[in-house]
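The values are calculated or read from the model by the stated rules, or taken from the named source; none is laboratory data. This is a predicted model, so every value here is computed, not measured. Positions of Cβ are backbone-derived with ideal geometry, glycine not excepted, and every protein chain shown enters the neighbour counts. In case anyone asks, the SASA skips ligands and DNA or RNA and just uses the protein heavy atoms, side chains included. Shrake-Rupley method; radii C 1.70, N 1.55, O 1.52, S 1.80 Å.
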Amino acid sequence: MKAVTPRFPHLLHGGDYNPEQWLSYPDVLAKDIELMKKAHVNCVSLGIFAWSHLEPEEGVYDFSWLETIIAKLYENGIYTILATPSGARPRWMAQKYPEVLRVANNGVRNAYGDRHNHCLTSPIYRDKVKQINTRLAQHFAGNPAVILWHISNEYSGACYCPLCRKAFTQWVKQKYGTLENLNHAWWADFWSHTYTSWDQVEPPLANGDSTLHGLNLDWKRFTTDQTVDFMREEIRAVKQVNPTLPVTANLMGFFDGLDYFRFGDDLDVVSWDNYPCWHQGDNVAIAAQAAASHDLMRSIKRAPWLQMESTPSMTNWQDVSKLKRPGMHELSSLQAVAHGAQSVQYFQWRKSRGSFEKLHGAVVDHNGEGNTRVFHDVEKTGEWLQQLDAKIYPTRIQPRVALIYDWENRWAVEDAKGPRNSGLHYLETVLAHHRALWEKGIATDLIDMTKSLDRYKLVVAPMNYLYRKGYAEALRQFVENGGTLVGTYWSGIVDDTDLCCLGGMPGQGMMEVFGIWNEETDALYEGETNTLVPETGSGLPQKAYEVRELCALVHAQGAQVLAAYGSDFYQGTPALTVHPYGKGQAYYVAARTGLDFLRDFYEKLRLELALPRALQAELPAGVIATRRQGDEHDFVFLQNYGDSEQVVQLPAGMTDAVTGEPVDKVQLPAYGISVLQTAGSGLAAWEE
Ligand code: GLA
Ligand code: ZN
């Protein structure tokens, strides 16, 4: 098992710390260290957004304050994750070199302000970043206190300046080679948008061309490429000094703007910032979404990961910044660990006194003491991590189920006109399938269409509107070799340049795999429903399940019909099919169902395929089991997201991971947690 932070291979507890805001308050550092020790903090992130203190004037570097702070923390057993400061540039830089500022999609350059407001193409910005990163590395990369690079902060956004436009044109030219290819791929003859020279290629602009779906999709791909390229240069600068100090970049879960799967190869460790809106309605639904985000982030490298930020209480940017109720902080923090995180880190350690985030939750509030409710919750979380550290650290999660979530597909689905401009709900659909599996304790990877499928028994592929190159072939091979595939309506509609598949859908040979032809797709108005009625012998309960929004009209061409539509002109036609193909089988769910169907359907598949569950026990509603696997021991996290106490009867052979006592049943109060130890299931050799 590779440690994510080899210099300090432990569960990390701490968070973003900005002592540069407090340099004129001489007592703050000592107080912070005292409180950090009390809260079992062993690691902080320093230097995020600290550029104006690191290089107060162009070419004048001052790292002395940082060095002193890193040393004092280290003397007290607190390690440092060191950031590169590129997330926000100093004022002097923008004043002297306006090209570093971003241009918006109306073509107007932004004034200085905010953060992430810089052009990722600008050679000047890239050079300034390279210089400061190199110097930081020369100064700190050999320091035993520094365990990880935190590259920039939450990369996001796009720039439409002349430099970026030129880079985009180059990118397009490189991809398509000839204008003929370009015009075909983007179907540019439509409305006479035909390109007759390369310099006509422009990004989709607010007041310009936004109707070519191929262009819109390629612009998003380019934005990811440009961001990855910028990040790669940042990483190169620090790795040139010390290639062994690992790097991470803090990502944002299902954030729409970047294809995070493209970041995996350059990062040693994936980390992400987790801010669910707890207590906004049903906490089980919120926990389900957080679980999916954790699984997605883990799946980028299919390896242990870090929760780099979370709030110990509330945020200040959500519509309503509600406090975490007592118990929720521990519950949500351990959820990350249950899904494979090797850390619980916060934004932020100490509340800033002024400016934009002065009212954002922090471990230390403006009262400056460790006597708050929030501080005690953080202390308790720290205790959990200390107690679990040695046992949990060497374990990981190796699902046998993959759920396909693909950013390119998402961009294309959401950009298309029709069949429901009022909402196709791709992300919600992925989350619903994930939730049905998560509730059963079936571990799931969320991977995109480029990842290998070899290790899985079941691949769930909802709304695969766009087939990326090679993907249909990978699915076909997966099924041929014995895998079970679940596909749905609105799949195999377009190829990877967003051109519709010809010759029948789902395209690219997938009609043969599913044994069906999707001739038409009906879109339903809000509130309209149809039903999916299982046939006897389908393995599903005999009840009519409500379907809504999208109904594919399909012909069985070799597939067995397991359920039919209950009404409308397509009453009696297939709504659920299965088709044996090679050594495997492919299910096709023709309509958008509710969770009730997904729960029953995945129960059928769980039994059919003997899918492993985190716990062989019946779980009361709201209680979720998640398992981390090890060679010698596995650990099962039982968490109650519901509002009432629940009792879970356990199978034989389990002990409490903290006390070591044997247990046969656990009583979980609302928001209660129990971590149980059981025999190890062994780890497959799946290192990537
Ligand atoms: C993000 C940023 C932090 C901070 C938090 C507030 O995750 O990375 O700097 O702004 O949000 O929730
Ligand atoms: Zn730019």
Starting from 0.36 nm per residue, how many nanometres of slack lie between residue 52 and residue 285 once their C-alpha separation is accounted for?
79.7 nm
Using θ = phi - 60° and the Karplus form 6.51 cos²θ - 1.76 cosθ + 1.60, what ³J(HN,Hα) does each residue of region 650-667 get, whole Hz, x for Gly and Pro?
9, x, 5, x, 10, 10, 6, 5, 8, 8, x, 6, x, 9, 10, 7, 10, 10
Whose amide H sits under 5 Å from the amide H of residue 633, counting only residues 5 or more places off or on another chain, with H placed in the peptide plane?
680
Amide hydrogen neighbours beyond the local backbone of residue 115, cut-off 5 Å, H modeled
none
So what is the 222 nm mean residue ellipticity for the chain from helices alone, if each DSSP H run of at least 4 adds -39500 (n - 2.57) and you divide by all residues, rounding to the nearest 500 deg cm²/dmol?
-9500 deg cm²/dmol
With the crude spin-label approximation of a point 7 Å out along Cα→Cβ, what separation in nm comes out for residue 211 versus residue 229?
3.0 nm
Projected onto the charge dipole of the chain (+1 at Lys/Arg Cβ, -1 at Asp/Glu Cβ, origin at the Cα centre), which of 494, 593, 169 gives the Cα projection farthest towards the positive end?
169
Rounded to the nearest 0.05, what FRET efficiency do residue 556 and residue 319 have when you use their Cβ-Cβ distance and R0 = 51 Å?
0.65
With a 1.4 Å probe and every protein chain left in place, work out the accessible area per residue of region 632-671 in Å², rounded to a whole number.
51 Å²
Could you calculate the FRET efficiency of residue 658 with residue 166 from 1/(1 + (r/R0)^6), where r is the beta carbon distance between them and R0 is 56 Å, rounded to 0.05?
0.45
Rounded accessible area per residue of region 315-360, 1.4 Å, Å²
39 Å²
Calculate what fraction, in whole %, of the accessible area of the chain sits on carbon and sulfur atoms when a 1.4 Å probe is rolled over the protein chains.
50 percent
For the chain, what does the alpha-carbon gyration tensor say about shape, rounded, prolate or oblate, given a ≥ b ≥ c as the root eigenvalues, a/c under 1.5 as rounded, and a/b over b/c as prolate?
oblate
With each pseudo-label sitting 7 Å past Cα toward Cβ, what's the residue 64-residue 422 distance in nm, one decimal?
6.7 nm
Sticking with the crude label model, points 7 Å out along Cα→Cβ, report the distance from residue 114 to residue 512 in nm, one decimal please.
5.0 nm
Lys/Arg +1, Asp/Glu -1 at C-beta; the chain dipole; positive extreme among 450, 60, 425:
60
For region 617-630, just list the computed ³J(HN,Hα) in residue order, Karplus coefficients 6.51, -1.76 and 1.60, θ = phi - 60°, integers in Hz, with x standing in for Gly and Pro.
7, 7, 9, x, 4, x, 9, 10, 10, 9, 10, 9, 9, x
Relative contact order of region 86-225, pairs being alpha-carbon contacts under 8 Å that are 6 or more residues apart, as %
24 percent
Please sort by residue number the GluC sites (Glu not before Pro) in region 605-671 whose DSSP state is loop and whose Cβ has at most 12 other Cβ atoms within 10 Å.
618, 632, 645
Segment residue 452-residue 31, length gained on full extension (0.36 nm per residue, minus Cα span):
146.6 nm
For region 1-94, accessible area per residue (1.4 Å probe, heavy atoms of protein chains only), Å²
38 Å²
Neighbour cut-off at most 13 other Cβ (10 Å), DSSP loop, chymotrypsin sites (Phe, Trp or Tyr not before Pro), region 44-148
none
Only bridges with both residues in the chain count here: give the DSSP antiparallel percent, nearest 5.
55 percent
Can you run phi through the Karplus equation (6.51, -1.76, 1.60; θ = phi - 60°) for region 236-248 and list ³J(HN,Hα) in whole Hz, with x for Gly and Pro?
4, 4, 7, 6, 5, 7, 9, x, 8, 6, x, 10, 9
Would you please give the FRET efficiency between residue 596 and residue 569, computed as 1/(1 + (r/R0)^6) with r the Cβ-Cβ distance and R0 = 22 Å, to the nearest 0.05?
0.30
Taking the Cα of residue 546, stepping 7 Å toward and past its beta carbon, and measuring to each backbone N in region 586-613: which are under 12 Å?
593-597
What do you get for trypsin sites (Lys or Arg not before Pro) in region 554-640 restricted to DSSP loop and a cutoff of at most 12 other Cβ within 10 Å of the site's Cβ?
583
Cross-link list 37/351; 130/322; 130/469: which exceed 29 angstrom alpha carbon to alpha carbon?
130/322; 130/469
